[in-house]
1. Run C171 past the list (1) crowded, with 24+ Cβ neighbours inside 10 Å; (2) assigned to a loop (DSSP other than H, G, I, E, B) and report the number of the one that doesn't hold.
2. Identify, by number, the condition in (1) within 15 Å of the ligand (Cβ to nearest atom); (2) more than 15 Å from A4 (Cβ to Cβ) that D104 doesn't meet.
3. Taking the stated definitions as given, is F160 open to solvent by 20 Å² or more (accessible area, probe 1.4 Å) and aromatic (F, W, Y)?
4. If a residue must be over 23 Å from the mean Cα position of the chain (by Cα) and surrounded by 11 or more Cβ atoms within 10 Å (Cβ to Cβ), how many such residues does segment 1-15 contain?
5. Which residues, counting only those in segment 142-152, are crowded, with 20+ Cβ neighbours inside 10 Å and farther than 22 Å from Y10 by Cα?
6. For segment 269-280, check the following and say yes or no: at least one residue is farther than 18 Å from H71 by Cα and in contact with a helix residue (DSSP H, G or I) (Cβ under 7 Å, 6 or more places away or on another chain).
7. I'm trying to understand the selection: among the residues of segment 248-269, which are within 15 Å of the ligand (Cβ to nearest atom) and surrounded by fewer than 23 Cβ atoms within 10 Å (Cβ to Cβ)?
Amino acid sequence: MALAGRGRNYPRFRASINAFENLIFRHAWPAKVAFRLGLQNKIKTVRYTVALASYPAQNPSLKIGFLSDFHAGHATHPKMIQRSIEQIQNENPDIVLLGGDFVDFDAAFMRDVIPPLEKLQPPLGLFAVPGNHDLWSDDVLIQRSLQEIGVKFLINDGLFLPPPFDGIYLCGLDEWLAGEPDPARAFAQNGKVNLVLMHNPANYLDIKIRPFDVAFCGHTHAGQVALPFQYPLILPRQPCCRKYSYGRYQVGEDGRSSIIVSSGIGYHFLPLRFFAWPEVVLCTIGKQ
Ligand SMILES: [Fe+2]
């Protein structure tokens, strides 16, 4: 499939690989076989607690659910997407952030994402940024279908959370490789606490001089195929993707800011993961 969206840096070989996948992976059989064999099964819930001196003392703690990299397509069974959404729903988060790469390359696979996601209705809503795979696919269709179920996109944009979470600013960046990140616009305002949603760890280059407290990203799949002790074999070649491949990193002056990198949920090309298991993230932010 040729480039269908506004994405930059579309790899030339990608169109041939996608055409090949469409031909040999008909009816998403790799996902079906992997699921049947139990190779797509468990999803971890990874929990982080972030205590900030700047967190407004009168606010309750903020519980954030973070889902990334569904990669709906030939390699990801729809049940994995559905389970990840139910798993985060069961945690009753105040807000849910969606880190992009909703589809692998074909926007038609949003049919696996929309029905389960429609049921997820956290009190403060759902917020999203696109991933590089979305921007190379029909990103207009992907964005519209999510907006129709109430998801708000934060593409170089931000907003203050409503009471009782006063003083907390959430912004999102366009994707580093395929999009047009504009950190000046995203940080046109800022609060006592500043949260950033971005797809790619390389977006750290956009925000490292900005006053952010916690940034959420995916993209790396933690390698998708890794050696034990989280040693990824293959990672995206963009900056920061090896340095910040998975987990929580303290960065900036005195390590006061955190980057949380999720391994995500879905599968790219291979319907398998090794030592880079699918996960949902729950992050609780409160007063130090
Ligand atoms: Fe990605």
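1. Going through the list (1) crowded, with 24+ Cβ neighbours inside 10 Å; (2) assigned to a loop (DSSP other than H, G, I, E, B), C171 breaks only (2).
2. (2)
3. For F160, the condition - open to solvent by 20 Å² or more (accessible area, probe 1.4 Å) and aromatic (F, W, Y) - is met.
4. Selection size over segment 1-15: 2.
5. Matches in segment 142-152: L146, V151.
6. Taking every residue of segment 269-280 in turn, none turns out to be farther than 18 Å from H71 by Cα and in contact with a helix residue (DSSP H, G or I) (Cβ under 7 Å, 6 or more places away or on another chain).
7. Listed by number, the residues that qualify are H268, F269.
Conditions (1) among the basic types (K, R); (2) within 16 Å of the ligand (Cβ to nearest atom), marked per residue:
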{"site": "N194", "(1), (2)": "no, no"}
{"site": "H199", "(1), (2)": "no, yes"}
{"site": "A202", "(1), (2)": "no, yes"}
{"site": "I207", "(1), (2)": "no, no"}
{"site": "R210", "(1), (2)": "yes, no"}
{"site": "D213", "(1), (2)": "no, no"}
{"site": "G218", "(1), (2)": "no, yes"}
{"site": "H221", "(1), (2)": "no, yes"}
{"site": "P228", "(1), (2)": "no, no"}
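The values are calculated or read from the model by the stated rules, or taken from the named source; none is laboratory data. Note that the structure is a prediction, hence the values are computed from the model and not measured. Neighbour counts are summed over all protein chains in view; Cβ atoms, including those assigned to glycine, are modelled from backbone coordinates with ideal geometry. We work out accessible area using only protein heavy atoms, side chains counted, and drop any ligands, DNA or RNA first. Shrake-Rupley method; radii C 1.70, N 1.55, O 1.52, S 1.80 Å.
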